[in-house]
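See structure below.
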Amino acid sequence: MANERAIEVLNRLLAAEFESVAPRLAQADPYVSLPSSDDQAVVANMLRDVTTHERELTQMILSLRGAPVTRRFATDSGGMHYVRLSHLMPSVLANIKQLISLYESSAGTTGSREADGLISRILDNYRRHFAGLEELHANLAAEKAPANAAK
């Protein structure tokens, strides 16, 4: 019974990973201008972690004798091609925030110590990435504020 609950929670998280902005970002390969090069570094690290998250969630589901959900993409992420990374950053930040919320609500609910540990590790990764991107964008907003005020 605990395995069924853990599999259900892990599959919900895996589906959210598949439908997140990250897989589309990897495919779209958006244009990176000089001001968004710091974003690209954080996003590149996040994309590597997302691949690891997907693999670890899948392995955990299989180890609990479950069947992982099939990969799918959110259709609203189809417009990510041929745009600047700086244009996509608000969507990236919003999506990471959604994933953090989903992982927070799933933490400690599986009935499996291993699954809960995996969820906590992934949650920590997303919090770290979000903090890094939020810090970059707070600095950019502060830099732009005086220029806008002078106009």
Checklist outcome for this item: Rounded to whole Å², per residue accessible area for segment 14-143 with a 1.4 Å probe reads 54 Å²
Checklist entry - Going by a ≥ b ≥ c, the root eigenvalues of the Cα gyration tensor, does segment 1-62 fall in the rounded group (a/c under 1.5), the prolate group (a/b larger than b/c) or the oblate group? => result prolate
Checklist entry - Rounded to a whole number, what % of the accessible area of segment 7-121 do carbon and sulfur atoms account for, probe 1.4 Å? => result 52 percent
Checklist outcome for this item: Sorted list, accessible surface of protein heavy atoms, 1.4 Å probe, largest first, for D49, D38 is D38, D49
Item to check | Under the Karplus curve 6.51 cos²θ - 1.76 cosθ + 1.60, θ = phi - 60°, whole-Hz ³J(HN,Hα) for segment 41-57, x wherever Gly or Pro sits | outcome: 5, 5, 5, 4, 5, 5, 5, 5, 5, 4, 4, 5, 4, 4, 5, 5, 5
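The values are calculated or read from the model by the stated rules, or taken from the named source; none is laboratory data. Bear in mind the structure is a predicted one, so any value in this text is a computation, not a measurement. Just so you know, the surface numbers come from the protein's heavy atoms only, side chains and all, with ligands and any DNA or RNA stripped out. Shrake-Rupley method; radii C 1.70, N 1.55, O 1.52, S 1.80 Å.
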